[in-house]
Amino acid sequence: MKKRFYITTPIYYPSAKLHIGHAYCTTLTDIFARSKRERGFECYFLTGADEHGLKIQKNAEAKGVTPQQFVDEIVEGFYKLWDLLKISNDDFLRTTQERHIKVVQDAFTKMLNKGDIYLGKYEGWYCRYCEAFWTDTQVGKDHICPDCGREVQRAEEEAYFFKTNKYVSSLLKFYEDNPKFLIPESRKNEMINTFIKPGLEDLCVSRTSFSWGIPVRENNKHVVYVWLDALTNYISALGYGSENEEKYKKFWESEDCEIIHILGADITRFHAIYWPMFLESLGLRKPDREFVHGLLMMKDSKMSKSKGNVVDPYPLVEKYGVDAVRYYLAREINFGSDGSFSPEQFVERINSDLANSYGNLLNRTVSMINKYFEGKIPEYKGQVTEFDGSLESMIDNTIKSYENAMDDLRITEAITYVNELVNRANKYIDETTPWALAKDESKKDELASVMNHLARSIYVASRLYHPVLVCASDKAFTQLGLTEEEANYVNINNKNLLDNHMVNKGEPLFPRLDPLVEVPFINELMSGNN
Ligand code: ME8
């Protein structure tokens, strides 16, 4: 039986519009999901919105609307952005949906009845003006509210807590038994040394100081505090505890399904420490892998909505197309490391990898097949020229390395294998010099073999690029005369696939960008003056 995959992004806060950092995480998750599906695996892909909390309540008040109206409007923008970026999620969970609220309340009750949650007192720095509690780090040594800049006071409120220490030793054992749970591995040491070894405090899981949240059923002065609410989305979306648990059984309970959470480095602690503890408390299976991606920086500091130094993905996609943006994000920033968005690098990547290497290879090949063979791709006749063998083994090796890298979520690396194949195919044109072969009638078979090998190289590269270049790859298939069915991944190893297909010359896939025009344009977008 085929293995299944359940893959998730964080559910983002609809406190403001999403920026390129969110688009980065969702796009990379989408690339993984698409690559699995294209290879014939079943893959369920979830994203969503984390709609409760004080910040949203405050933003809504400031705008003079209800919190629900406020999030409804922003979440519309999430849908539009994911549409624009061609994100192929199977579901979108909103934490204000009934299906989620019930699961959170049930989970709270279960933990309370088990004695894992108890009523205590939350102590912190309180800002009377913002009606918000802050931690020591947030208020700094001057005890200033990070939101309004006023002085804060020490205060306490009644709150429920989750007994973290009950689960520390089993969490450490879980890390030990599952060395691939947290990737990159350095994240595990960070969790142990920074958070677990110094001693974990019990986690506050309810609040009485604001009301925009899921009410605690047993004590409705309280709302469930954000992380217990938010993390539960991964199971509520599958129908856990509902009348119809079919999806939950298939994508969470079943050992045939691999559960993968993708998240940014800023929220590792909640996913790698508290989430496995909550699941254990509920008696449920833990995820197989949590992949922590790096954060995109802007001018040396983290891009964030609250700092107002963000890159808006909408105008970028509108101007340069979905493929260019998806490609840049996946190729330029090594998945798992921090990176930064740079207009110069953006233009350079598109020009060098997509316009000059890939687009040009297709363009040259289709033109030559038109010129030398009246548009008909010659049949595969084995290894005819002295260079065919090495190109064929490069194709085979690329497929294998690409699949292995993708399976391990080394997405950037997987793409570089395809780039190398494209470069190799361009070099093959220089080696075989088809224009010279065409002048010599006795070299007709060699010329035919070169055209067939080039067409197949483009097909394989386009197939492997497809999860990233969702539009351009399809155009390449059309130019090679392949139907959608013929282009299917099942044919990736079929050497005769291209035989006798009629090519269709099309527009260049990626017109070259002029850096002198485009770099200032993108800089302008980033300064927020657009
Ligand atoms: O933390 N670079 O939501 P959030 C790269 N609701 N990725 C970035 C980024 C950046 N500069 N900024 C944000 C929350 N992200 C919670 C999550 S999950 C149960 C609850 C991405 O809107 C990255 O994936 O602040 C990060 O982890 C996530 O957005 C945080 O989104």
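Taking the stretch 493-507 as the range and being surrounded by 13 or more Cβ atoms within 10 Å (Cβ to Cβ) and either under 25 Å from the mean Cα position of the chain (by Cα) or over 20 Å from LYS381 (Cα atoms) (or both) as the test, the residues that pass are ASN504, GLY506.
Counting just the residues of the stretch 237-253 that are small (Gly, Ala, Ser) and more than 21 Å from ALA272 (Cα to Cα), which one comes out surrounded by the most Cβ atoms within 10 Å (Cβ to Cβ)? Per the stated criteria, the residue is GLY239. For the stretch 422-446, a residue qualifies if it is among the hydrophobic types (A, V, I, L, M, F, W, C) and surrounded by fewer than 24 Cβ atoms within 10 Å (Cβ to Cβ), and the qualifying residues are ILE429, TRP435, ALA436, LEU437, ALA438.
Of the residues SER401, SER337, the single one that is among the hydroxyl-bearing types (Ser, Thr, Tyr) and surrounded by fewer than 16 Cβ atoms within 10 Å (Cβ to Cβ) is SER337. For the stretch 328-351, give me each residue that is more than 19 Å from the chain's Cα centre (by Cα) and within 12 Å of LEU316 (Cα to Cα). Passing the criteria: PRO343, VAL347.
Taking (1) assigned to a loop (DSSP other than H, G, I, E, B); (2) loosely packed, with under 15 Cβ neighbours inside 10 Å; (3) of a type in the set (Val, Ile, Thr) in turn, VAL490 satisfies each apart from (1). Those helices (runs of 4 or more DSSP H) of the stretch 144-237 in which at least 3 residues are at pLDDT 95 or above, considering only elements entirely within it, cover 168-177, 226-231, 233-236. Applying the criterion of being over 21 Å from PHE92 (Cα atoms) and β-branched (Val, Ile, Thr) to the residues of the stretch 236-288, the residue that is nearest to the ligand (Cβ to nearest atom) is THR268. Taking the stretch 1-99 and the strands (runs of 3 or more DSSP E) fully enclosed by it, the elements with 1 or more residues that are more than 16 Å from the ligand (Cβ to nearest atom) are at 4-12, 42-49.
The test for being within 28 Å of the chain's Cα centre (by Cα) and either part of a loop (DSSP other than H, G, I, E, B) or acidic (Asp, Glu) (or both) does not hold for PHE477. Yes or no: VAL384 aliphatic (A, V, I, L, M), outside any helix (DSSP H, G or I) and closer than 23 Å to ARG456 by Cα? For VAL384, the condition - aliphatic (A, V, I, L, M), outside any helix (DSSP H, G or I) and closer than 23 Å to ARG456 by Cα - is met. Annotation: VAL216 fulfils all but one of (1) within 13 Å of the ligand (Cβ to nearest atom); (2) touching a His at 6+ places or on another chain (Cβ under 7 Å); the unmet one is (1).
The values are calculated or read from the model by the stated rules, or taken from the named source; none is laboratory data. Predicted, not measured: the structure shown is a model, and the values here were computed from it. We place every Cβ from the backbone using ideal geometry, glycine too, and count neighbours over all the protein chains shown.
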